[in-house]
Amino acid sequence: MSSDAAIRTGAIPERLLEPPLTEGVVTPGSLDDQVLAFPDLRPPKQWYIGLAITLTALVIGFSFIGYTIATGIGVWGNNSPVFWAFDIINFVFWVGIGHAGTLISAILFLFRKRWRNAIARFAEAMTIFAVMCAGIFPLIHVGRPWLAFWLFPYPNQRGVWTNFRSPLLWDVFAVSTYFSVSLMFWFLGLVPDIASMRDRTTSKVRKTIYTVLSLGWRGAASHWQHYEKAYLLLAGLATGLVLSVHSVVSFDFATSVVPGWHMTIFPPYFVAGAIFAGFSMVVIVLVVVRETMQLKNLITMRHLDVMNKVILGMSCLMGYSYMMEGFTAWYSMNEYLHHTFMNIISGTYGWAGWLTISCNIFIPQLLWFKKCRTSYFWMIFVALAVTVGMWFERFVIIVISLHQDYLPSAWRIYKPTMVDFGVLLGSFGLFFTLVLLFARVLPVIATTEVKAILPGAQPSHHGDDHE
Amino acid sequence: MKTQIPPSPEPPVEIPRYWRTLGEREETPEARKAAHDEFLPGAVDVADLPAPSEFSRRGFLGLMGGAAALAATVACDRKGQGTIVPYTRRPVEVIPGVANYYASARQEGRRAYSVLVKTREGRPIHITGNDEHPGFKGKTSPRTIADIMGLYDADRLRAPKAEGRPLAWAEADSRMTAALAGAKAAGKPVLLITGAVASPSRKALFADLKAALPTLEHLAWEPVRGDGAAEGARAVFGTDVEVAPRLEKAKVVLSLGADFLSGEDPEALAAFGAKRRLSEPGQATNRLWVLEGPLSITGSNADQRFPVRPSRIAAVAFALAKALQSRGLGLPAGADLSAVPAGVPQGVDIPAEAWKNLVNDLASARREALVLCGAEMSAEAHQAAHLLNAMLGSQALELRAAEPLATVKDLDAAMQGMAAGRYAAVLLWDVNPAYAFPRAQAWKDALAKVPFRAWMGLAEDETAAQCQLLLPVNHWLESWNDFGSGELFILQQPAIGALYDTRQGEDVLLAALKGLGAAVPADYHAYLKARWQKEVYPAGSPVAFERYFEVALHDGLVKDGKAAPAPVFKGATLAAAAKQALAAQGGDLELVLVPGFATHDGRYANNGWLMETPDPVTKMTWDNPLLLSVADARRLKLNDGDLATLTVDGTTLRVPVVLQPGQAKGVVTLALGYGRTTGEMAAGKGVNAFPLMALDPAAPNLRSGVQVAAAGGSKPLSRTQAHHRLDGREIVQSWSLAEYAQEARDRKKGPELVTLYPDQEFPQHKWGMVIDLAACVGCSGCMVGCQSENNVAVVGPEQVTRGREMHWIRLDSYYEGDVDNPKVVHQPMLCQHCDDAPCENVCPVNATNHSPEGLNQMVYNRCVGTRYCANNCPYKVRRFNFLEYTADKVEPESLIYNPEVTVRPRGVMEKCTFCVQRIEDGKIRAKGEDRPLQDGEITPACAVSCPSDAIVFGDLKDPNSKVSQLVKANRSFKVLEELGVKPAITYLADLKNPAIEGGQHEL
Amino acid sequence: MGTSNRREILGRLAALVAGPLLLGRQAVNVAFRAGKETPPEAPPAEAPARLALTPPTHSVKRRG
């Protein structure tokens, strides 16, 4: 083969060369100046406006949460038979959003996808925040939240143990493990950057904080050696979790007897959906960050293009899953399952079914076009559609399946209340408040990792700068 | 420190042993004693010392310990903890923890129910039928079970009141006496309006009052008892009659709009259930024909039902009489049907084939056929029904002459008398004409013209607002009385002393009698006893009267054996009635006003249990929508929940609409008893339909020429079931007799269901239940019984609308076939106590689990409320406390709670327990008596409250138990068996015995 | 000097702790005494929180 020969001779054709991952002239020094300077700068006006909006949403949401805890789940629209509604929809939605970060930072790290380095930090932070948002819902959705700690298996004088057969308990383990591993992974990556910031900052307070957080990092070769090893190990650990968390969340549904929930396709289908939703959210936030923080040279259009390709791939997987749901309903000859599937495409909530299918399957097909993958308008349009669509997908799974199950006598329509919407708003408020705060106090780009992919950072016999 | 050892002298060296004092060395007795004592003389306990000027270590530690203990105790205090108040002097009757039972009785209209009242710590908490009663056999009506709530109604008037101020009884008595004596002296009439008089002693008291006060005019008024029935009976018998069906003797029953299976008559339900509970195809059963306008519970259980407009019912009945005449059944003397044309009357949609079958059935069953006519039907229809029974010579009914009831016409006359200033005084006792009289405003205006107006009742109502003197009376659970029903006297005795400063109504009258100078016993109890000694106590009985009366009270009844002669049928008025019946037309739309299932005539509108029990047909709670046939609704472009205006004779109401399959075209139905303006629970629930009633006593409940129009807007319906179609799901089985024969012969067995898990082990008992859908008529008695036994919360209409009712057992009804006349099946649905319960393995905290006796148990204390179990329950029988429904309950409402069942707080899941408290009670009882449990000894509340004995409970481990036998029956099936959850409840298929196809031809 | 300073601080600390404690105790005393010293002329409560239940007179119970 000519290309093999070309490699042997060292003359790699242009089309096989990986294009540079940054634009313009980026040196390690300029990178530090560009990224690590943010915390020392006074935030722009837009940042304050944004924070005001997200904090308002947060306060509204948490007042509604307080009202719920004081009064009872009855202030929501949940009823019999729709015992779960916005609470679990929001939970699954946020856990799903929280999938992109770890996937980008861990799985793509293991696959040596070097383009991930510029966006990994941000995506990971979003994971942590999304899982925090998700974590609120199991806690507040129980009838007696002050007893929610009973879900943890701890030795107690009552001699009552938790029920290990319950998927809800698996959830507790899956989500808390995922959260702690993601947090560790994220923090580990932050340590060298924080050390750089410690060395740069002039503010005494910041210096103290960064000193504590950098854990005595001096950049010694032994530090780097341990760091790389730990990072690799955690990446390996997190990789399994990316697949397991949403699989376990899907068991909440898949192991039940509710028609529309009881399906073997759920674990892979949920994982694909989670990556789908997570990547969309990352795209939305990335575009904003890239523009407002002048990071165009580090987060390039190529990053967004690759992200959009992943979204497109996941959209196709979702389409397959939806078709399989229909096929199972038909092929199983199970009248209950059939009825539930028909409810998705017709029935009272048929609009929600079609909204889901349109947003998740039809609209992302735009990303087949390079023009759409590299246009802010189109990618934001698709990402927003996917976010809405994925929220409604959980609505479809939970509410449509529950509202008409086995006995027609128990069927009922579900209507959310103001409080339901308020709590949903609050979760968005919390998420974006945390994103905004993160963008100001910590490096949004892993400078140490980006330095490793700067042109010339990886000496090779074929690189230009070897000459 | 204060403790000091007294100084001792120098020890002498030559003494080898140790000693402490000189006395000890010399071994004086004092010293020996001192040596034995722990402390030396002079040693003082610190605690006995006067307060130390400085803190001692001991004192400090003591106080610290105390403070720590106190802090720990205070910290352990739980919110909502009540105070336990022990009896300082325990009443002789009351043993804490042990239930007392009293046989008593209760009246509703003319009907008297013999009941057994369960009391705990002096509080009546549960009512069942009296098991000693030969007819009721331990069964009673849903409203009777629920009426315990009336005792604890927070709205009850607690002391006499006049002009808005509380008053002592002595003063109330003197005011009453003064008014009555004044009227007597002036010779002006005094009007007394009461409910139906079913008590011989009360009747005697009225007679005494009449003797002492000759100007007394008494009206016994029951607003929803059907004046048409009274008018019809008076026309053909010359007297009011009470019709008691004897269904055990009937092969063919024809209901002309009669809802005799509504649950009001437990004897009818028991007899009906017994006839339908077949164990083999081919066994004798009955056939129920129903011709009615609205779909009633009876209609939903019919073998053949035809929607017929109520205005045409009389014509149908006369046509049937004509047909029977042509089949050779003789007409009674004086009857003339020559004007009646043969065949199905015009405007009635009954196929000729069915008509022929109906006539055939009646003509061949003859004495074993029975025709019942609905109370709302016209007087002509009642005359025709009496004629039919007379022609058939029916044995299956008992006719008894009854005390006359006042009709709307009588009330109207009284009102005109009041307006004209005829009456000096009016006494209103347990009646509410200001609400239930059709012309309420005119009534109020007229009443205001009476100088003295006294009201006697439980809770202030619309009528009380018009009266000067308000006299609170005892609830029946606090009262004495007797009721006579033919050969049987039943006794009412108090199960609790009066809760408030109230008196029994009869005692108020006795006080008035005393004031008028009559010699009467001290109280009604004495009056009743005296009358019994004189009238009921058999002369020459070997038992002393006191003992006789005690035994009667213990049993709750006495068999008298004196049957009243049946009234004689006279046919003279029939020709005129037939002519009128043939001419009767309902116009475009006609309205039927029916008593509310929960409210009756409005008297139970403040009863939360009843208001929240769904109407067995419409499944509506707390409201009375206008029921339209589906065809009419389509024509008027109305849908479920749409608001409509209903106009009758210039009176317009705005009501939500419900489409009722099976309702006759051109008929709209509205329930009475709603739209009260007083009472915390009652006020503002639904609309008052009494203003739509006619003042014509022949058929006040039927109105023709009614207009219905869309009013725009809609109202969310507080309805517990909105989907009645099965869509081919095999959830409930309903077979014709032919299908039964086929199923019994070659029933397909489903595939063996396999499981990966080991089977549950049940070492001792395995509780199970069988529900016979053929016997179940859907009366909802089980729901009320369960609510009472298990402290099931009442959540209110708003929460029901949101789908959060708490009933542990519900009645599902499914329609099949033609929307204009569907087949209906009722199915009680409760926790199935599955062996492989899907709810159990999903609970993360093990709050629901399986007992070794096969119960799916719910541990409220452990429940955190994830609601996963409810999602995973295929039967959706789990109930969640979405809000705090119980904590705000204070006395008197909280007194109704059964102490053996936990009251559930918010955030907790709950569901049917198979009445585990009764199971345990039975087991403990058996163990205490050192004997094995007997079959049928343990009965959950639903089974006890089921008048037709459709629910059987027992031990499936015992192969001889009734439930084990029934599980093997050829009608048995399990709901959603294919899910492999192994429910512990087996249903027996519903049976229909249609005349045309699939039924028994030879009855 | 150190000792005297420390003493002063300790004294202030003691006052800081004891002050609220003593005041609290006084408050508790006041609260409890208030219950005992309800003026007799105060109007009686509208309805008793607990109803007096009496067994029925002359009734004959079935079992229990």
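May I have the convex hull volume per residue, in Å³, for the Cα set of region B:122-215? Please report the intermediate quantities before stating the final value.
Values: hull volume 16.1 nm³, N = 94.
Measuring per residue, one finds 171 Å³ for the Cα hull of region B:122-215.
Where does the charge balance sit around B:Ala250 when Lys and Arg score +1, Asp and Glu -1, over other residues with C-beta under 9 Å from its C-beta? All intermediate terms of the calculation are to be shown ahead of the outcome.
Working: positive: B:Arg246, B:Lys249, B:Lys251, B:Lys275; negative: B:Glu248, B:Glu368.
Local charge sum for B:Ala250: +2.
With both bridge residues required to lie in chain B, what share of the DSSP beta bridges run antiparallel, to the nearest 5%?
Working: 70 of 122 bridges.
Of the beta bridges lying entirely in chain B, close to 55 percent run antiparallel.
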Which value at 222 nm does chain B reach when only helices count, each DSSP H run of 4 or more adding -39,500 (n - 2.57), with the total divided by all residues and rounded to the nearest 500 deg cm²/dmol? -8000 deg cm²/dmol
In whole percents, the bins of 10 Å from zero upward hold the Cα-Cα pairs of the protein assembly as shown as 1, 7, 12, 15, 15, 13, 11, 9, 7, 5, 3, 1, 0, 0, 0
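Within a 10 angstrom radius of each residue's Cβ in A:78-91, how many Cβ atoms of other chains show up on average? Whole number is fine.
Values: counts 6, 8, 16, 6, 4, 15, 5, 0, 0, 2, 4, 0, 0, 0.
The mean count of partner-chain Cβ atoms within 10 Å per residue comes to 5.
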Output the 0 to 90 degree angle, nearest 10, between the alpha-carbon long axis of helix B:266-276 and the longest principal axis computed from the alpha carbons of chain B. 70
Quick one: P(r) of chain B from all Cα-Cα pairs, 20 Å bins, percents rounded to integers, in order of increasing distance. 12, 40, 31, 9, 5, 3, 1, 0
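Using mean Cβ contacts within 10 Å as the protection proxy, how do B:818-824, B:919-925 order, highest first?
Numbers: B:818-824: 17.6, B:919-925: 15.1.
Result, highest mean first: B:818-824, B:919-925.
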Mean per-residue count of partner chain Cβ within 10 Å for B:876-887 equals 4
Over the Cα atoms of region B:519-570, Rg to Rh with Kirkwood Rh, two decimal places? 1.11
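Using 32 Å as the Cα-Cα cut-off, could you pick out the over-long pairs in B:Lys161/B:Lys184; B:Lys748/B:Lys962; B:Lys449/B:Lys889; B:Lys249/B:Lys927; A:Lys309/B:Lys876; B:Lys249/C:Lys61? If you can, show how the numbers build up before the last one.
On the way: B:Lys161/B:Lys184 24 Å; B:Lys748/B:Lys962 24 Å; B:Lys449/B:Lys889 41 Å; B:Lys249/B:Lys927 42 Å; A:Lys309/B:Lys876 44 Å; B:Lys249/C:Lys61 35 Å.
Checking Cα-Cα distances, B:Lys449/B:Lys889; B:Lys249/B:Lys927; A:Lys309/B:Lys876; B:Lys249/C:Lys61 exceed 32 Å.
Based only on the alpha carbon positions, what is the Kirkwood hydrodynamic radius of region B:400-484, in angstrom? Don't skip to the end; give the middle numbers.
Working: mean 1/r = 0.0718 Å⁻¹.
Result for region B:400-484, one decimal place: 13.9 Å.
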Using the Karplus equation 6.51 cos²θ - 1.76 cosθ + 1.60 (θ = phi - 60°), what ³J(HN,Hα) coupling, rounded to whole Hz, does each residue of region B:940-954 give in order, writing x for Gly and Pro? x, 4, 5, 5, 5, 7, 8, x, 9, 6, 7, 9, 10, 10, x
When all Cα-Cα pair distances of region B:683-837 are considered, the percent exceeding 19 Å is 75
Chain A - mean residue ellipticity at 222 nm from DSSP helices (-39,500 (n - 2.57) per run, n ≥ 4, rounded to 500): -21500 deg cm²/dmol
Going by average Cβ density within 10 Å per residue, which order do the peptides B:347-353, B:984-990, B:591-597 take, highest to lowest? B:591-597, B:984-990, B:347-353
Evaluate 2.2 N^0.38 Å with N set to the residue count of chain A, then give the Cα radius of gyration divided by it. 1.05
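Pairs of Cα atoms under 8 Å, at least six residues apart: use those to get the relative contact order of chain B, whole percent.
Details: 2138 pairs, mean separation 144.3, N = 1003.
Here the relative contact order equals 14 percent.
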Which order do peptides A:243-250, B:261-268 fall in by mean Cβ count within 10 Å, highest first? B:261-268, A:243-250
Alpha carbon convex hull of region B:886-1001, volume per residue in cubic angstrom: 214
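Coordinate-derived values only; no laboratory data. Bear in mind that the values here come from a model prediction, so they are computed numbers and not experimental data. Neighbour counts run over all protein chains shown; Cβ positions are idealised from the backbone, glycine included.
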